[in-house]
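Notes follow the structure.
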Amino acid sequence: MSGSVLFDAPGPKARRLSLTLSIIVGVLILAGLYWLYSVLAAPRPSSGGITLPGMFHPSRWDVFTNPEVWTFIGAGVLRTLQAAGAAAVVAIVLGVVFALLRTAKTAWIRVPTTVVLEFVRGMPVLLMMLFILLAFASGAYWAVVIALGLYNGAIIGEALRAGLAALPRGQREAGLSLGMRELQTRMLIEFPQAFRQMLPIIVAQLVVLLKDTSLGFIVGYPELLRSTMNNLASFYGNRYLFSFFAVTLVIYLIMNLTLSFIARWLSKRTDSARRGGKAGKDIPVDPALAIAQASAAARQAGQGSI
Amino acid sequence: MDVIIDNLPRYLSGFGMTLQLLVVAGIAALILGTIIATMRISPVPSLRVFGAVYTELIRNTPLTLVLFFCALILPYLGARLDYEVFAMIGLSVYTSPFVAEALRSGINGVPIGQAEAARSLGLGFGQTVGYVVFPQAFRMVIPPLINVIIALTKNTSVAGGFFVVELFTIGKELANANGNAVVAVLLGVATFYLLITIPLGIFAGRLEKKWVVAR
């Protein structure tokens, strides 16, 4: 974070100003949160002359004392993780295959792969899910897994390709000069290095993948979101809708933040490994690699995240 | 093929809605993201913390859940708006942290010496960022930002699951109505999305290549 470079160390005046600003902002945020809380907690009159209890009233939360609700939510979490796990395996395998095909020497392989990849990456995952669901009548689970696997495979493949391109050419030449074949050099010399350098991006993409399993909600795969917001909420009635929403949000945040944390830890570890510990801190990171990582990271906004 | 030509007006109306979502949410996300990015590099610690927490929370929430919040919980809070507007709000909130991250990584990519030189000339925070750092960060920021917009284009399809009649919804309805031509119908929908995403992608790739060589 270059924050400290962008401004001087604050003097007494600036510190006072910054403290005042901090307090004002803090108060504003707290006031906003309190407003949100009070609106949600306020009982509201309903059309039939009945007053409905506020969102935090115990009668809206008592379902969670029922262990069966938790088993149901747990099953939803498991199905989310199951779909995400299967899709992650498909995505990584496809990613390696796509990267190999895209870096192939023959144009007959490279160009069609590029076209297919562009097609897959330019299409919404949701549309792909619907396509697989309707065109292959595969059932919602496979629609979710295959669509997510294909889409994220395309993105991981692109990241790996960028990693391959950023490797020093000597690596490949050394492999070839030892008498290895093209494919051997790729698989044994280049891929392990590219994979390792792109690992943070791949893990970050897996966070996106986990998030995107929630699209199963729309195509009808009973993952976490669908089992809480649809199945449970319609079984127990709309008055629990907010409670189920809050619980679902917390579960998603826990899952995703854990994975994000792992991704960040990995990227820190590879970073320090690349710089050779503390002593070599001033050695600049290879710019080609930095650009490759930055552009690969930017493609991840949501559904590809995005 | 006939299915697509027969239903072209419906495709176009869906495409119009998608474009509308894209443009409004895109502009709102750019503005919101710029504000968040400024907060994250600002000298005021509480703003930095707020920016970081906001980014972390939103980035780790699925878009489906964000849209759920907008479509079902916001009306509870007293918002009386169309579902299109809710979808626009959801999409811009969801996209804003990605915009902020793209901007911030661009700013971080400018060599430290530039900011140091600016400061040693006596420029303040606003001047350092506005006159020296950001103009240089700009070229590095554009390709990632285009990629964020491409992602947003694809994400508008999720709004189709929340009562907004856009391209995806049209595709679903047409596929249900024409069970024998599902593949053609959905390929037609895909074409419209590709019409936006592929040119943008090519444009971003061009810029990236050009500017990588320039350095």
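Observations on the structure shown:
- Condition check for A:G170: part of a helix (DSSP H, G or I) and either away from every other protein chain (no Cβ under 12 Å) or over 30 Å from B:F163 (Cα atoms) (or both): yes
- Within region A:161-200, being open to solvent by 60 Å² or more (accessible area, probe 1.4 Å) and within 20 Å of A:T113 (Cβ to Cβ) holds for A:R161, A:A165, A:E182, A:L183, A:M187, A:F195.
- Those residues of region A:220-239 which are open to solvent by 20 Å² or more (accessible area, probe 1.4 Å), modelled with pLDDT of 85 or more and within 12 Å of chain B (Cβ to nearest Cβ), in sequence order: A:G220, A:R226
- Yes/no for A:E158 being buried (at least 19 other Cβ atoms within 10 Å of the Cβ), acidic (D, E) and touching a helix residue (DSSP H, G or I) at 6+ places or on another chain (Cβ under 7 Å): yes
- Selection count, region B:151-193, where residues are closer than 19 Å to A:E118 by Cα, open to solvent by less than 20 Å² (accessible area, probe 1.4 Å) and not polar (S, T, N, Q): 8
- Selection count where residues are modelled with pLDDT of 90 or more and open to solvent by less than 40 Å² (accessible area, probe 1.4 Å), scope region B:40-60: 4
- Hey, A:V93 among the β-branched types (V, I, T), in contact (Cβ under 8 Å) with a residue 60 or more places away in the chain and exposed (fewer than 14 other Cβ atoms within 10 Å of the Cβ) or not: yes
- Failed item, numbered, when B:P135 is tested on (1) more than 11 Å from every other protein chain (Cβ to nearest Cβ); (2) under 29 Å from B:L63 (Cα atoms); (3) surrounded by fewer than 19 Cβ atoms within 10 Å (Cβ to Cβ): (2)
- The helices (runs of 4 or more DSSP H) falling completely within region B:61-125 that include 1 or more residues that are among the hydroxyl-bearing types (S, T, Y) and away from chain A (no Cβ under 11 Å) map to B:83-108.
- Being open to solvent by 10 Å² or more (accessible area, probe 1.4 Å), within 9 Å of another protein chain (Cβ to nearest Cβ), within 22 Å of A:W142 (Cβ to Cβ) and out of contact with any Cys (no Cβ under 8 Å at 6 or more places or on another chain) holds for only one residue in A:F242, A:F217, and it is A:F217.
The values are calculated or read from the model by the stated rules, or taken from the named source; none is laboratory data. These figures come from a predicted structure and were not determined experimentally. All Cβ positions, even for glycine, are placed from backbone atoms using ideal geometry, and neighbour counts span all protein chains on display. Surface accessibility is based on the protein's heavy atoms, side chains included, excluding ligands, DNA and RNA. Shrake-Rupley method; radii C 1.70, N 1.55, O 1.52, S 1.80 Å.
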